Amino acid sequence: DGVAQGRGIKCSLCTKALKKIQALAGDNPDKAALAAAMQKGCRLLGRAVGRQCQRLVKKYREQITSGLQDGDMPRDICAAMGICRA
């Protein structure tokens, strides 16, 4: 169905965006490094995906920041935010 389809796309977008942000932020990132990585990561994903990425980051900034600082996997963070199915 359309809803599950949309969620699947959002899930892969979320995972892809978080992997990119995680790679840019490096190991043991602080909040500033993560904020910069979120901005840059979304831009690197291209215009259409980048816009969705920025909306995602704006809405879930705190969860993304704490998840990545805790060393959680991108897929797990997206599942915790309810975007991916656990």
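Residue under question is Cys42, and the condition is that it be of a type in the set (A, V, I, L, M, F, W, C) and not in a helix (DSSP H, G or I); does it hold? No. How many residues, within segment 56-86, are open to solvent by 30 Å² or more (accessible area, probe 1.4 Å), within 14 Å of Thr15 (Cα to Cα) and not small (Gly, Ala, Ser)? Of the residues in that region, 7 qualify.
Scanning segment 36-48 for residues that are closer than 13 Å to Ala17 by Cβ, open to solvent by 50 Å² or more (accessible area, probe 1.4 Å) and of a type in the set (A, V, I, L, M) yields Leu44, Ala48. Anything in segment 43-86 that is of a type in the set (Lys, Arg) and either free of Cβ contacts under 8 Å to residues at least 40 places away in the same chain or touching a Pro at 6+ places or on another chain (Cβ under 9 Å) (or both)? List them, or say none. Matches in segment 43-86: Arg43, Arg47, Arg51, Arg55, Lys58, Lys59, Arg61. Answer yes or no as to whether Ala37 is small (Gly, Ala, Ser), farther than 12 Å from Leu13 by Cβ, in contact (Cβ under 8 Å) with a residue 12 or more places away in the chain and part of a helix (DSSP H, G or I). Yes; evaluated as a whole, the condition is true for this residue.
The values are calculated or read from the model by the stated rules, or taken from the named source; none is laboratory data. Keep in mind it's a predicted model, so treat the numbers as computed, not measured. Methodologically, a virtual Cβ is constructed for each residue, glycine included, from the backbone with ideal geometry; neighbour enumeration extends over all protein chains shown. Accessible surface is based on the protein model in full, side chains and every heavy atom, while ligands, DNA and RNA are left aside. Shrake-Rupley method; radii C 1.70, N 1.55, O 1.52, S 1.80 Å.
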